[in-house]
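Presented below is the structure to which this report refers.
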Amino acid sequence: MDTPKWKRLLGSRKFWAAVIGLVFLTIRNFDPAFQVPEEETIAFVSLLAAYILGVALEDGISQITPGKGGE
């Protein structure tokens, strides 16, 4: 049986990294007491973007490489 889409989405590391980034940016934007310097915000978002791209690359390679869990 195939896993439902919502279960795969909730188990996705990329999804949770994006949710964390979105929550962080939303809180930073709307809560004046949450003071994080702009340089640290840029570094954090860049780190999350690199992580998401790395996981996507890992997932893509595992699907085309035989014997690495892609089949």
### Summary
Of the conditions (1) modelled with pLDDT of 90 or more; (2) out of contact with any Phe, Trp or Tyr (no Cβ under 6 Å at 6 or more places or on another chain); (3) of a type outside the set (G, A, S), the single one that P4 does not satisfy is (1)
### Query
For the range 29-48, how many residues meet the condition of being free of Cβ contacts under 8 Å to residues at least 24 places away in the same chain and either part of a loop (DSSP other than H, G, I, E, B) or within 21 Å of K14 (Cβ to Cβ) (or both)?
13
### Query
Taking the range 1-41 as the region of interest, how many residues are among the small types (G, A, S) and loosely packed, with under 12 Cβ neighbours inside 10 Å?
2
### Query
Which of (1) over 18 Å from the mean Cα position of the chain (by Cα); (2) surrounded by 13 or more Cβ atoms within 10 Å (Cβ to Cβ) is the odd one out, the single condition F44 does not satisfy?
(1)
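The values are calculated or read from the model by the stated rules, or taken from the named source; none is laboratory data. In this text the structure is predicted, and so the values were computed from the model without any measurement. With ideal geometry, Cβ positions are generated from the backbone for all residues, glycine too; neighbour counts draw on all protein chains shown.
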